[in-house]
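One structure is given here, and the rest of the page talks about it.
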Amino acid sequence: MWVHLSVFAAALAVPLLPAFILWITRRRESALVDDHGRECMNVQIWNLFLGLAGMFLSGCGIGLVLIVFAIGLAIWSAIAGAIAAS
C-alpha cells in the first residue's frame with residue numbers, strides 16, 4: 001500500500017524514486033509487495049512518458065491534454081492501487 005501512496009509524497013519531485021526504493025527494499029518479503037511494486041513502477045514509468053510527450057507537444061493543443069491525463073492517471077492509479085493492496 002505504501003508503494004502506491006509514495007507517489008503523493010513526491011508529487012512535485014520525482015514520483016518514481018520513493019516507489020522504487022520501497023519496492024526494491026521490500027520485494028523479497030512477500031509476493032504481494034513484489035507484485036504491487038512492479039505494477040506501481042509500470043504505471044509511474046507510463047506517466048513519465050505521458051508527461052514528457054505532453055511537454056514536447058505543448059506547442060500544439062494536445063500537450064496540455066496529455067499532461068492533465070497523466071496527472072489524473074497518477075492520482076487514480078495511486079488510490080486504486082493502495083485500496084487493492086490493503
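Tell me, which residue of region 49-63 that is in a loop (DSSP other than H, G, I, E, B) and not hydrophobic (A, V, I, L, M, F, W, C) is farthest from A74 (Cα to Cα)?
Restricting to residues being in a loop (DSSP other than H, G, I, E, B) and not hydrophobic (A, V, I, L, M, F, W, C), the top hit is G59.
Among the residues of region 41-54, how many are free of Cβ contacts under 8 Å to residues at least 24 places away in the same chain and surrounded by 13 or more Cβ atoms within 10 Å (Cβ to Cβ)?
5
Could you please give the count of residues in region 31-75 that are of a type in the set (G, A, S) and in contact with a helix residue (DSSP H, G or I) (Cβ under 8 Å, 6 or more places away or on another chain)?
So the count comes out to 8.
Given the criteria out of contact with any Cys (no Cβ under 8 Å at 6 or more places or on another chain) and at pLDDT below 85, does M1 qualify?
It is true that M1 is out of contact with any Cys (no Cβ under 8 Å at 6 or more places or on another chain) and at pLDDT below 85.
Kindly evaluate V68 against the criterion of being β-branched (V, I, T) and modelled with pLDDT under 80.
no
Between residues in region 19-39 that are within 22 Å of A74 (Cα to Cα) and in a helix (DSSP H, G or I) and residues that are open to solvent by less than 90 Å² (accessible area, probe 1.4 Å) and of a type in the set (S, T, Y), which pairs lie under 8 Å by C-beta distance while being six or more apart or on different chains?
Every condition considered, the pairs that remain are A19/S6; L22/S6.
The values are calculated or read from the model by the stated rules, or taken from the named source; none is laboratory data. Note that the structure is predicted; figures quoted are calculated from it, not measured. Glycine gets a Cβ as well: all are built from the backbone with ideal geometry, and neighbour counts include every protein chain shown. Just so you know, the surface numbers come from the protein's heavy atoms only, side chains and all, with ligands and any DNA or RNA stripped out. Shrake-Rupley method; radii C 1.70, N 1.55, O 1.52, S 1.80 Å.
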